[in-house]
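Just below is one structure, and these are the notes that go with it.
None of the figures in this text is laboratory data; all of them are computed from the coordinates on show. Predicted model, so just to flag it, every value in this text is computed and none were measured. Because the Cβ atoms are built from the backbone with ideal geometry, glycine has one as well, and the counts that use them run over all protein chains shown.
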Amino acid sequence: MGTLSVHIDWHYLLRELWQAYRFGSAGGSKPIRAHLKDVRNRLNAEMLTDPQVVELEPQRLPVTDWLGRALDQGTQAPTASLVRSVARIAPTLSWRYGYDRVPRGLRNKYAFAEIMGPSGPVVSERLILDLVMLAPSCTYPSHAHDGITESYLCLSGTLSENDVGVYAPGSLLYNPPNHMHRITTGDFEPVLLAYAWAGERDKLIGQKMSFSRKLSSP
Ligand SMILES: [Fe+2]
């Protein structure tokens, strides 16, 4: 326990994420520029409160065997400074599936770990920041988020979303609320993503991970 000001490695990880959302390019897109600003403003406001940090029980899952390689590759990439800050806190991360029923194909190929959110480790009800680990040759099924604006920041490896484009470390993928998206990873390297969820407080608190095929893209 304690606040962010005495958890130095977590403090610098959040600073690195803030910089990614402050200095990362929006590629000329107004909605993406607005999302970057929204995320960094929420993060800045939360850091000014010196939020509580709760220590979760470290937990590994099969896919975290790939984490070492993902961190090694990420420190060769433009995201190196951010990846090194992830490496600092990696031994303390609590990797989970987040779903009541995990599709069989994902059990050995996927996990997520929380950085900031309603249940910690850094406690916030206005922004969720997490990490996702994906093995090579992984398909993360189509899903969407109700009332949540999401971005994925690629830290290591290469991925595709909705079979449109291939994204490398430093790329930011933007998913507005209810936008269906499906991710695939390259054949030879694991993928480490950071993601941000911004939305109304009740949506952030009640957000469930689920795969839905009912929603359609806007
Ligand atoms: Fe998503």
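Values computed for the structure shown
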{"read-out": "Count, lysine Cα pairs under 26 Å in the chain, 8 or more residues apart or across chains", "value": "6"}
{"read-out": "DSSP-assigned coil residues among chymotrypsin sites (Phe, Trp or Tyr not before Pro) in the range 107-191, each with at most 16 further Cβ atoms within 10 Å", "value": "Phe188"}
{"read-out": "Percent of alpha-carbon pairs separated by more than 16 Å within the range 45-162", "value": "65"}
{"read-out": "GNM flexibility winner over the chain from Val122, Val164, Val191 (Cα, springs under 10 Å)", "value": "Val164"}
{"read-out": "For the range 1-16 versus the range 144-204, the gap between their alpha-carbon centres in whole angstrom", "value": "24"}
{"read-out": "Value at 222 nm in deg cm²/dmol, rounded to 500, when DSSP H runs of n ≥ 4 in the chain each add -39,500 (n - 2.57)", "value": "-8500 deg cm²/dmol"}
{"read-out": "Farthest toward positive dipole pole in the chain [+1 Lys/Arg, -1 Asp/Glu at C-beta], among Thr79, Leu17, Thr184", "value": "Thr184"}
{"read-out": "Taking only Cα atoms of the range 4-206, radius of gyration then Dmax in Å", "value": "15.6, 43"}
{"read-out": "Low-density loop cleavage sites - trypsin sites (Lys or Arg not before Pro) in the range 1-60, where at most 11 other Cβ are within 10 Å (DSSP)", "value": "none"}
{"read-out": "Evaluated over the range 104-150, the Cα radius of gyration and Dmax, each in Å", "value": "12.8, 34"}
{"read-out": "Cleavage-rule hits, GluC sites (Glu not before Pro), the range 1-89, DSSP coil, Cβ neighbours within 10 Å at most 16", "value": "Glu55"}
{"read-out": "For the chain, with +1 on Lys and Arg beta carbons and -1 on Asp and Glu, the positive-most of Thr92, Ile148, Thr49 along the dipole", "value": "Ile148"}
{"read-out": "For the chain, size of Cβ-based charge dipole, Lys and Arg +1, Asp and Glu -1, in debye", "value": "380"}
